[in-house]
Amino acid sequence: MSNIAKAFASGKAFIPFITVGDPDIDTTYEIVTAAAEAGADLIELGIPFSDPTAEGPVIQEASLRALEAGTTTDKVFELVKKLRETVTVPMVFMTYANVVFSYGADRFISRCAEVGIDGLILPDIPYEEKGEFVDITRQYGVDLISLIAPTSEDRISMIASEAEGFIYVVSSLGVTGVRSSITTDISSLTSKIREVTDVPCAIGFGISTPEQASEMSKCADGVIVGSAIMKIVAEYGKDAPSHVADYVKSMKDAIR
């Protein structure tokens, strides 16, 4: 069983997204550790980027603060190495192709494997262009996570049939961010996916409350939350870890 599969092995998975370096690397270490202890099943670490096209204002601002605090890709790798001394839950990177290209794709992905990153999400790489990454990720045993959106339509079975790790189901059109309601027919989307694969589906974009998480978990294997967590970090700064832990616990309880 892959490390990512373990996240979904004992019920619905709660997956927090955390921008690395906001407000600083040391606080990120405390936030990730607290989230894992509070019941997070898998953790998405966002490598800050100056032009995060899939992100709404909350995560854009978190990325900017992280960059201004001096966060670099090398520092992110060092952080993961340190986290892996105590944190055993699966961890994946969410970042953009430019970050990987500028570091060197082979060098980046080999370092992912070396420090204990289990998967990679690149929201700006469409299915048709994943070829330049997938051979390298498979070489190093890092899952390249596929995204399926309400607009994927005819491509759903094609994307799902080659998916690895888990499938990131985008709940709503547009960018990440807290939404008061999610109107997409998620169950129809996940049903189409399950016709061709048993790779777990986790839903992200727009989920922020325990009620939303509970509702979404009925038709998926996991729930991903980013903006709501980074709002807590923006509000509490260095004091955020305990507040993030409380939030993670409430969301995990809602989907049990």
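Within the range 231-255, count every residue that is farther than 18 Å from THR28 by Cβ and either of a type outside the set (D, E, K, R) or surrounded by fewer than 21 Cβ atoms within 10 Å (Cβ to Cβ) (or both).
6
The numbered conditions (1) closer than 26 Å to MET251 by Cα; (2) in contact with a strand residue (DSSP E or B) (Cβ under 9 Å, 6 or more places away or on another chain) are all true for GLU30 except (2).
Of the residues making up the range 60-73, those that are within 20 Å of ASP26 (Cβ to Cβ) and either of a type in the set (A, V, I, L, M) or free of Cβ contacts under 8 Å to residues at least 12 places away in the same chain (or both) number 7.
For the range 139-151, the count of residues that are over 15 Å from TYR168 (Cβ atoms), of a type outside the set (Asp, Glu), surrounded by fewer than 19 Cβ atoms within 10 Å (Cβ to Cβ) and touching a Ser or Thr at 6+ places or on another chain (Cβ under 6 Å) is at least one.
Criterion first (charged (D, E, K, R), in a loop (DSSP other than H, G, I, E, B) and in contact (Cβ under 8 Å) with a residue 12 or more places away in the chain) does GLU30 satisfy it?
no
Selection of the range 79-101 for residues being surrounded by fewer than 20 Cβ atoms within 10 Å (Cβ to Cβ), assigned to a helix (DSSP H, G or I) and in contact (Cβ under 8 Å) with a residue 24 or more places away in the chain yields LYS81, LYS82, ALA97, ASN98, VAL99. Just so you know, in the range 190-227 the residues that are assigned to a loop (DSSP other than H, G, I, E, B) and hydroxyl-bearing (Ser, Thr, Tyr) include one that is nearest to the chain's Cα centre (by Cα), and it is SER208. Is it the case, given these coordinates, that ALA5 is surrounded by 24 or more Cβ atoms within 10 Å (Cβ to Cβ), of a type outside the set (Asp, Glu) and touching a Pro at 6+ places or on another chain (Cβ under 9 Å)? Answer is no for this residue.
Filtered by the rule that a residue be part of a helix (DSSP H, G or I) and crowded, with 24+ Cβ neighbours inside 10 Å, the range 33-57 gives a lone residue, ALA35. Just one of (1) more than 18 Å from the chain's Cα centre (by Cα); (2) at pLDDT 95 or above; (3) closer than 26 Å to PRO57 by Cβ fails for SER152. It is (2). Restricting the range 193-210 to residues that are of a type in the set (D, E, K, R) and under 15 Å from SER146 (Cα atoms) leaves a set whose member that is surrounded by the most Cβ atoms within 10 Å (Cβ to Cβ) is ARG194.
The values are calculated or read from the model by the stated rules, or taken from the named source; none is laboratory data. The structure displayed is predicted, hence computed values, not measured ones. All Cβ positions, glycine included, derive from the backbone under ideal geometry; neighbour counts span all protein chains shown.
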